[in-house]
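Report on the following structure.
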Amino acid sequence: MFRRDRSREHGPADRPASAVASTPAAPEPDWRSFDDVAASYSRSLELKTEPPAADLIELLQVPAGARVLDVGTGTGAAARHAAAAAGEAGLVVGVDVSVGMVREAASRDAGPRYVASTSIDLPFRDGTFDRLAGAFVISFFTDYRTALFELLRVLKPGGRAGFTAWAEGEDQDDFRRAWAEVQEEFAEAEVLADAHREAVPWEELFSNKDRLKDALHDAGLRDIWIERRSYRVETTAEQYLTGREITPTGRFLHEMLGDELWPSLQRRAREVFASRFPERFTDFHEALLAVGHKP
């Protein structure tokens, strides 16, 4: 069993001056970043995230010629559907803090435009956009109140904003339990839960329909309605496990175990799935879709 090495969480300012090198060292990869897994994300996790993103754009009722901002665009799933709705006269911009994800999105489609940016310092004027979409990003914000305030700043009065989040109970199926069992052979459950909360601090909060609605209302949205929808994804065991490996917890484990031990976890996961599940199976998901307008 591995325990988290918290000494890695401190930078040079936390060490004595004598311990700081005179020339800056290359920064260590941040396991919370999606930069290095963008291509894998588009092949595996997008199977799960694109259907709710498409439904969100439909609920936003994007008119032809609209200006749309897709925040936390990832590999551009929502942005692509928004561009199809807005048409050639429209403008769709996808923003994401991950440069790797922005590059992957831009390589997929020439329609939307993509920008690497945080959600708390957007490079747009007040009231630039008619519609705002945030597919599975709100739970990742470090300070969701500040982020929502900034997002609504660039939305026009009367404009619509919509967000998706995974619903309560999303992690309670046989596939996720099997993956969790494998993880806990290599690291303590408490350590894994702590890492997940560090990367996705508001997932539990926004998995609840009422709490999600309250947060959006406090941010300034009105006439908010929220739907809980069910989705099913046909996948292979390999696609599923690849998706699990590039989640925040999977990336944390990879960094903690290192390249020497990580293949052991991968082999163990495939052994467990081969013994319990068919090669192809249906994965079910529950998502919340929330839409409101800015007065």
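A few points about this structure:
- When Ala180, Ala215, Ala274 are checked against the criterion of being under 22 Å from the mean Cα position of the chain (by Cα), outside any strand (DSSP E or B), aliphatic (A, V, I, L, M) and surrounded by fewer than 18 Cβ atoms within 10 Å (Cβ to Cβ), a single residue qualifies: Ala180.
- Qualifying residue in the range 16-31 (condition: within 30 Å of Gly159 (Cβ to Cβ) and either at pLDDT 65 or above or surrounded by 11 or more Cβ atoms within 10 Å (Cβ to Cβ) (or both)): no
- Residues that are without any contact (Cβ under 8 Å) to a residue 60 or more places away in the chain and either in a strand (DSSP E or B) or polar (S, T, N, Q) (or both), drawn from the range 154-177: Gln172
- Any chance Pro263 is assigned to a loop (DSSP other than H, G, I, E, B) and more than 19 Å from the chain's Cα centre (by Cα): no
- Filtered by the rule that a residue be within 17 Å of the chain's Cα centre (by Cα), among the hydrophobic types (A, V, I, L, M, F, W, C) and part of a loop (DSSP other than H, G, I, E, B), the range 183-212 gives Val200, Trp202.
- Every residue from the range 220-252 that is more than 20 Å from the chain's Cα centre (by Cα), surrounded by fewer than 20 Cβ atoms within 10 Å (Cβ to Cβ) and hydrophobic (A, V, I, L, M, F, W, C): Ile224, Trp225, Ala237
- Tallying residues that are surrounded by fewer than 22 Cβ atoms within 10 Å (Cβ to Cβ), in contact with a helix residue (DSSP H, G or I) (Cβ under 8 Å, 6 or more places away or on another chain) and not in a loop (DSSP other than H, G, I, E, B) within the range 68-121 yields 7.
- For Asp283, the test of being in contact (Cβ under 8 Å) with a residue 60 or more places away in the chain, closer than 30 Å to Glu58 by Cα and not aromatic (Phe, Trp, Tyr) is passed.
- Filtered by the rule that a residue be surrounded by 16 or more Cβ atoms within 10 Å (Cβ to Cβ), among the hydroxyl-bearing types (Ser, Thr, Tyr) and farther than 18 Å from Arg67 by Cβ, the range 122-156 gives Ser139, Tyr144.
The values are calculated or read from the model by the stated rules, or taken from the named source; none is laboratory data. Source: prediction; values computed, not measured. All Cβ positions, even for glycine, are placed from backbone atoms using ideal geometry, and neighbour counts span all protein chains on display.
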